[in-house]
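All of the numbers you see were taken from the coordinates with simple rules; none came from a lab. Just so we're clear, the structure is a prediction, and the values are computed from it rather than from any experiment. Heads up, the Cβs are rebuilt from the backbone with ideal geometry, glycines too, and the neighbour counts pull from every protein chain shown.
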Amino acid sequence: MKLPKRVILTEVGMRDGFQFEQKPIPLALKLEVLRGLVEAGVRRIQATSFVHPQWVPQMADAEELCR
């Protein structure tokens, strides 16, 4: 088996994982998680998704999170 010399990992836990939580996740906690990922050296992070809050309420603060 020939393996690639390099792989690119993309962290999607904030987007994929948070969207299924029933209780709202405060913006401050999302920012803390994001900072932790950055400090750990993660270079590609899907932090949120721009969807209508009616469909995915956990992403209602997407614009603020990206600021």
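Quick notes on this structure:
- Under 11 Å from a label point set 7 Å out along the Cα-to-Cβ vector of VAL12, the amide N atoms of region 42-56 belong to 46.
- The chain - convex hull of the alpha-carbon atoms, volume per residue in Å³: 117
- Listed residue (VAL56, VAL33, ILE45) projecting farthest to the positive dipole end of region 13-66, Cβ model: ILE45
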